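Derivation of every value follows stated rules applied to the coordinates shown; laboratory data play no part. Predicted model, so just to flag it, every value in this text is computed and none were measured.
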Amino acid sequence: MPQTSDYPPVLDTAMVADLLGMNVQVVRRMAREGSIPCYRIPGGRPFRFFRDEVLEWLKGFPVHEAPPDRAAEHTDA
């Protein structure tokens, strides 16, 4: 499986589908609906995605909440 750094900074729909392990048609539908961050070049038909934005978007769907920062629990007050 490729590392995220193996992908270029700007991705097409097929690359996003590969990166996320999703079907290309599902990624296209999500792009049309505006549920995944994407762009279109003026006059262009295909969607373009910024790799880092897609990864940040993905972080919004955690399976488990991140544990609280232990350093914040041990403050001298």
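Converting phi to 3J(HN,Hα) with the Karplus coefficients 6.51, -1.76 and 1.60 and the offset θ = phi - 60°, segment 12-27 yields 9, 4, 5, 5, 5, 4, 5, 4, 8, x, 10, 6, 4, 5, 5, 4 Hz in sequence order, with x at every glycine or proline.
The phi-based Karplus calculation (6.51 cos²θ - 1.76 cosθ + 1.60; θ = phi - 60°) puts the 3J(HN,Hα) values of segment 3-10 at 7, 4, 6, 6, 8, x, x, 10 Hz, whole numbers, x for Gly and Pro.
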